[in-house]
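**Q** Have a look at this one.
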Amino acid sequence: MKRILIIFILILASVNVLGIANAQSDEEVIKLQFATPAWQPSCIETLKDIINEWNKKEEKIKVEYIQLDWGSIHDYLITAFETGEAPDIFHYASYGVLEFGNRGYVENVFPLLSEELKKDLHPVALETITKNGEVWGIPILWEGDITIYNKEIFKEEGIDIPTSENPWNFEDLRAAAKKLTTIRDDGSVERWGMGVGMMVTVLTTWGPKFNADFLYETEDGKWEFKIQENEKRLIKYLYEIYNEDKVISPENLSLHSHEILPDFYKGNVAMIPNIGVWIRENIVSAAPEDFKWGVLPPLKDKTQNCDARTQVLGIPAASETKEEAMKFIEFLVDRDNLARIAYSDWLFPTRKSSLQSEILQTDEYYWKDCLDTAEHMTVTTLSRSGYSIEIVNKVLNPIMQDLLNDKISLQKAIENMEQQAEFVLQR
Amino acid sequence: MKITKFLKTKGILLTTRNKEFYFLLIPSCIIILLFSFYPLLRGVYLGFTNYKFGVNKELIFTGLDNFFILFKDRLFLQSLGVTVKWVFFNVFFLYIAGFFIALLLNVDIKFKEIFRCLTLVPWVIAPVVRGLMWRFFYNPSYGVINVILKNMGIIDNNINWLGSYEYALPAAIFVNVWSTTPFVAVALLAGLQTIDLQLYEASSIDGANIFQKFIYITLPQLKVISITIIILLSIWTINAFDIVYVLTGGGPGGTTNLPMLLAYNEAFKYGRPGYAAAIGNFVLLFVIFGLGFSYLISKNRKEKL
C-alpha cells in the first residue's frame, strides 16, 4: 500500500513539473494567427514559405497560416470581430477593412509602422485605407484592371494597337468594338467586339477616367450622391455601347469577367476591357497553347486614372499582440518578400521598392504593361466613403440592370439612383 | 379536497406519478428554452432596436422605427412581390411533382428500393453545392442546359438564364423544386402506403375506374399529410435563401430578391442586425398568419365533416 502511495505521489509530482515547464514554454512563445483569402495556388505556397522562413528564424513568435475564402471573408471577419475571435493578422480588401475601421474593429497601424515602410509605401495605396488620419491597415497589393485582346482577331480586322504614349480614348474603343463585332448571314452575332460582365464594375472602375465620382463630400463631412454631367456621360456611354452599338453580348451581362474567358479563348469575344490583372494567370494556365493575346494600355477619357483598390493586412483593435503582429508583417512585406507575393498572386506590390524588383520588371506575361496601370491609381470618393459595397449592391447594380434591359429610361434611372442612394446614406 | 382531486384528474396539478414525468421533461425543456426559445425571443426583440455591429455600440430600443424604414425600403417592398411568386410557384410545383413521383414509386416494380433511394439524391446535396452546380448548368456560354436545348432545336441563341428578367426567377424556382421534390415524394409515399388497400378493392367491386379511385380514395386519404406538407413547404420556401444567394444574388434588378436574402445582407454585409431582425420579424408574422389561416381552414372542414 505504502509503495503504491509513493508511486502515486511521484507520478503527481512529475506531471506537475512537466505541466509547469510546459506552461512556462507556452508563456514565452507567442502564437499568431495569419488569416488570408489568397487563392492562387502559387500565392498560397509563397505565403506558406515565408511563414515557414519566419517560424524557423523566430523563436518567440510563431505564426500559423489560416485559409479563408474571398466569397465569405466579410461575413467571417464581421462575426469574428463581434465574438472576439478575430485572427491576429488578417488579409482583406481595402473597401472592407475601411468599413471595419468605421466600426472600431481595427487598429490604426500608422504609429506601429517602421519609418522605412512608411516612406516606401505608395501614398495613394495608403490613402485607400486611411480615414480621418487613421490608417486601418497596411496596403500590400494593388487590385488593378486591364484590357486584354485577341491578337489574331485584331490583326485580321486591321486594328492598330494603341501605345502607352497614345492610348485609346473611349470613342476609339467603341469604334474598334464595332469593327470587331461580326454578324452571320442569319443576323445572329458571330463574334462580339467586347466581353463585359457585371456592368456595375465597369461603371465604378471607369468612373475616375470620366471624373465621375458619384459621391461628394459636403462641408459638414457628410456624403452626397449626385449624378452630374460626368456621371451621366459615363452611364449614357455604357447604355449606348450595349443597346445601340450592340457590341456586348447580353449573355455575359450577369457574369463575372473571368467567366467570359471561355468565350474569349474560343474567339467569340475579341477583347475584355475591364478585367483584373490577376487574370493573366488563368490565361497562361488555361488558354489553348496557340492562343495569342495581349494587354492594351489603360484607356483614357479625361484621365487615365483607375479606381485604386488595395489588399490590406489588418490588426484587430482588441488584439493583445499588436507589436508582435507588426514585427511579422514587416518581415512578410519586406522588399523582396512582397515582390515574391505580388509575383505569385499576379498583382502589383504597393511598395515602391518592390515594384522595381527584377522579377516584376519583365516583359514576360505583360508584367511591364500591367505595371503601367499602377501609375494611374487614384482613390475614388466611393471607395473612401466606406459606403462602396452598399451603394454598389443596392443602388448602382440593380438600377444599371434596369436601365440596360430598357425597363426604365436614362432619366428615370438617374432619379432612382439619387433617391435610393439618399435612402442608403441617411441610415 | 374535492377541488384538488379535480385538478389532479385534469392533469393541472401534479400527482406523484406525473411529477416524475415532468422531472424527465426538464432536460429537453432546458435545451429548447436555451437554444430555440431564447434566440427566437432575442431575435424578435432585436428587431425593435437600433442594433448595429461595432465596438461600443449602444443597444437602444427604438420601437417601430425599423418597421417604418422597412416600408420605405424600395428593395424590401420589391422583395414582397417576389416572395409571393416564389412561394406560390414553389409550393405548387413541388406538390405536383412530389405527388407524381410518389405515385410512381408506389408501383410494385423491380428494384423499387433502389429507385426510392436514388430519388433522394438531390435533397441530400448541400444547398450551396446545388446552387453552384446549377450555376454551371445555367451558364449562358458553356452551360449544359443551353447546349441541350440548342441541340434539340428548341432555342437558336443561348439564353442568359440567371441574368434575364424573364428567366431568373423561374430558373431559381426550378432548382428549388428539383432539390426539394424528394422530400415531398417520400412524405407522400409514406402517406400512400397507409391507405387501406381494402378501400381500392371495395371500389373496384363497385366498378370505379382508376381516375375515380384516385379522386375519391387517394386524394381524400392524403388530405391530412398534404396539408402538413404544404404548410411545411410554405415555411421553408419563405425562409429559403441559400439557392438564390448562390444562383443570382438577388439580381437582375432585384427580380429574385427574397426578404431573407435582404436580411442576411443587412446583417452580415452592411452590419445592421437590428434592421435584419425586423425583416425576420415581418416574415415571422407572415408565417404565423399563414399558419393560423390554414389551421382555421382545416379546423372548419373537420367540424363540417
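**Q** Among residues belonging to the range A:310-320 that are of a type outside the set (A, V, I, L, M, F, W, C) and in contact (Cβ under 8 Å) with a residue 40 or more places away in the chain, point out the one that is surrounded by the fewest Cβ atoms within 10 Å (Cβ to Cβ).
**A** A:S319
**Q** Right, next: Quick check on this structure: which one of A:S357, A:S319 is of a type in the set (G, A, S), at pLDDT 90 or above and over 16 Å from A:L112 (Cβ atoms)?
**A** A:S357
**Q** Right, next: From the list A:Y65, A:Y105, which residue is within 14 Å of chain B (Cβ to nearest Cβ), aromatic (F, W, Y) and in contact (Cβ under 8 Å) with a residue 24 or more places away in the chain?
**A** Going through A:Y65, A:Y105 in turn, the sole match is A:Y105.
**Q** Hey, another quick one. From the list A:S383, A:S409, pick out the single residue that is modelled with pLDDT under 95 and away from chain B (no Cβ under 12 Å).
**A** A:S383
**Q** Okay, moving on. Let me spell it out: the conditions are (1) away from chain B (no Cβ under 13 Å); (2) in a helix (DSSP H, G or I), and A:M271 meets all of them except one. Which number is the exception?
**A** Among (1) away from chain B (no Cβ under 13 Å); (2) in a helix (DSSP H, G or I), A:M271 violates only (2).
**Q** Consider A:L238 against the criteria (1) modelled with pLDDT under 95; (2) surrounded by fewer than 22 Cβ atoms within 10 Å (Cβ to Cβ); (3) under 22 Å from B:T248 (Cβ atoms): it satisfies all of them except one. Which criterion is unmet?
**A** Of the numbered conditions (1) modelled with pLDDT under 95; (2) surrounded by fewer than 22 Cβ atoms within 10 Å (Cβ to Cβ); (3) under 22 Å from B:T248 (Cβ atoms), the odd one out for A:L238 is (1).
**Q** Considering only residues that are of a type outside the set (A, V, I, L, M) and at the interface with chain B (Cβ under 8 Å from one of its Cβ atoms), which ones fall in the range A:253-265?
**A** Scanning the range A:253-265 gives A:S254, A:E259, A:P262, A:D263.
**Q** Just one of B:V177, B:V121 is more than 14 Å from every other protein chain (Cβ to nearest Cβ) and buried (at least 19 other Cβ atoms within 10 Å of the Cβ); which is it?
**A** Only one candidate passes the filter, namely B:V177.
**Q** Just one of the numbered conditions (1) buried (at least 17 other Cβ atoms within 10 Å of the Cβ); (2) within 14 Å of chain B (Cβ to nearest Cβ); (3) farther than 24 Å from A:L255 by Cβ; (4) free of Cβ contacts under 8 Å to residues at least 60 places away in the same chain is not true of A:K394; which one?
**A** Single failed check for A:K394: (3).
**Q** Could you list, in sequence order, all residues of the range B:91-138 that are in a helix (DSSP H, G or I) and of a type in the set (D, E, K, R)?
**A** Result: B:K112, B:E113, B:R116, B:R130, B:R135.
**Q** On the given criteria, is A:L173 among the aliphatic types (A, V, I, L, M), surrounded by 15 or more Cβ atoms within 10 Å (Cβ to Cβ) and part of a helix (DSSP H, G or I)?
**A** Yes: the conditions hold for A:L173.
Yes or no, residue by residue, for (1) within 24 Å of A:K368 (Cβ to Cβ); (2) away from chain B (no Cβ under 14 Å):
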| position | (1), (2) |
| --- | --- |
| A:G267 | no, no |
| A:I283 | yes, yes |
| A:K292 | yes, yes |
| A:P297 | yes, yes |
| A:D307 | yes, yes |
| A:A318 | no, no |
| A:A325 | no, yes |
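**Q** Restrict the check to the range A:353-376 and report whether at least one residue is within 14 Å of chain B (Cβ to nearest Cβ) and either in contact with a Ser or Thr (Cβ under 9 Å, 6 or more places away or on another chain) or farther than 21 Å from B:T248 by Cβ (or both).
**A** no
**Q** Follow-up question, since we're still on this one. For the range B:248-286, name all the residues that are at the interface with chain A (Cβ under 10 Å from one of its Cβ atoms), of a type outside the set (G, A, S) and touching a residue at least 24 places away in the same chain (Cβ under 8 Å).
**A** The initial filter retains those residues of the range B:248-286 that are at the interface with chain A (Cβ under 10 Å from one of its Cβ atoms), namely B:248-255, B:257, B:262, B:264-273, B:275.
The next check asks that each one be of a type outside the set (G, A, S); those that pass are B:248, B:252, B:255, B:257, B:262, B:264-266, B:268-270, B:272-273, B:275.
Residues satisfying the conditions are B:T248, B:P252, B:T255, B:N257, B:L262, B:R272, B:P273, B:Y275.
**Q** Please specify each residue of the range A:44-79 satisfying the condition of being touching a helix residue (DSSP H, G or I) at 6+ places or on another chain (Cβ under 7 Å) and part of a loop (DSSP other than H, G, I, E, B).
**A** Those that are touching a helix residue (DSSP H, G or I) at 6+ places or on another chain (Cβ under 7 Å) and part of a loop (DSSP other than H, G, I, E, B): A:K60, A:L68.
**Q** Take A:D307 and tell me if it is acidic (D, E), modelled with pLDDT under 95 and surrounded by 22 or more Cβ atoms within 10 Å (Cβ to Cβ).
**A** Here the answer is yes, as A:D307 does meet what is asked.
**Q** So, one more: For a quick check of your reading: which helices (runs of 4 or more DSSP H) sit entirely within the range A:337-427 and have at least 2 residues that are within 19 Å of the chain's Cα centre (by Cα) and under 28 Å from B:L261 (Cβ atoms)?
**A** On the way: elements: A:352-355, A:367-374, A:381-385, A:397-404, A:410-426.
The qualifying helices (runs of 4 or more DSSP H) are A:381-385.
**Q** Also, quick follow-up: Could you tell me whether the range B:253-273 includes any residue that is modelled with pLDDT under 90, farther than 24 Å from B:L46 by Cα and not in a helix (DSSP H, G or I)?
**A** Yes; the residues of the range B:253-273 include at least one that is modelled with pLDDT under 90, farther than 24 Å from B:L46 by Cα and not in a helix (DSSP H, G or I).
**Q** Somewhere in the range B:56-66, is a residue more than 12 Å from chain A (Cβ to nearest Cβ), free of Cβ contacts under 8 Å to residues at least 60 places away in the same chain, under 25 Å from the mean Cα position of the chain (by Cα) and surrounded by fewer than 16 Cβ atoms within 10 Å (Cβ to Cβ)?
**A** No, the conditions are met nowhere in the range B:56-66.
**Q** Okay, moving on. Exactly one of these conditions fails for A:D220: (1) at pLDDT 95 or above; (2) away from chain B (no Cβ under 14 Å). Give me its number.
**A** A:D220 satisfies every listed condition except (1).
**Q** Still on this structure: Could you please let me know if B:V128 is more than 9 Å from every other protein chain (Cβ to nearest Cβ) and either loosely packed, with under 13 Cβ neighbours inside 10 Å or more than 30 Å from the chain's Cα centre (by Cα) (or both)? Walk me through it before giving the result.
**A** Numbers: more than 9 Å from every other protein chain (Cβ to nearest Cβ): yes; either loosely packed, with under 13 Cβ neighbours inside 10 Å or more than 30 Å from the chain's Cα centre (by Cα) (or both): no.
Taking the combined requirement at face value, the residue does not satisfy it.
**Q** Return the only residue of B:Y216, B:Y245 being at pLDDT 90 or above, over 14 Å from the mean Cα position of the chain (by Cα), under 21 Å from A:P398 (Cα atoms) and assigned to a helix (DSSP H, G or I). Walk me through how you get there before you give the answer.
**A** Values: B:Y216 fails: under 21 Å from A:P398 (Cα atoms).
Exactly one of B:Y216, B:Y245 is at pLDDT 90 or above, over 14 Å from the mean Cα position of the chain (by Cα), under 21 Å from A:P398 (Cα atoms) and assigned to a helix (DSSP H, G or I), namely B:Y245.
**Q** Now a separate question. When you check A:F214 against the structure, is it touching a residue at least 12 places away in the same chain (Cβ under 8 Å), within 22 Å of the chain's Cα centre (by Cα), buried (at least 16 other Cβ atoms within 10 Å of the Cβ) and over 27 Å from A:G294 (Cα atoms), yes or no? Break it down into steps so the answer makes sense when it comes.
**A** Numbers: touching a residue at least 12 places away in the same chain (Cβ under 8 Å): yes; within 22 Å of the chain's Cα centre (by Cα): yes; buried (at least 16 other Cβ atoms within 10 Å of the Cβ): yes; over 27 Å from A:G294 (Cα atoms): yes.
Yes, satisfied.
**Q** Separate question: Tell me which helices (runs of 4 or more DSSP H) are completely within the range A:80-162 and hold 1 or more residues being within 19 Å of A:G276 (Cβ to Cβ), or say none if there are none.
**A** A:94-102, A:123-127
**Q** Just wondering, is there one or more residues in the range A:339-350 that are under 20 Å from A:G96 (Cα atoms) and among the charged types (D, E, K, R)?
**A** Within the range A:339-350 (the criterion being under 20 Å from A:G96 (Cα atoms) and among the charged types (D, E, K, R)), the answer is yes, since at least one residue qualifies.
**Q** For the range B:231-242, state whether one or more residues are of a type in the set (V, I, T), part of a loop (DSSP other than H, G, I, E, B) and at pLDDT 90 or above.
**A** no
The values are calculated or read from the model by the stated rules, or taken from the named source; none is laboratory data. In this text the structure is predicted, and so the values were computed from the model without any measurement. Cβ coordinates were reconstructed from backbone atoms using ideal geometry, including for glycine residues, and neighbour counts include every protein chain displayed.
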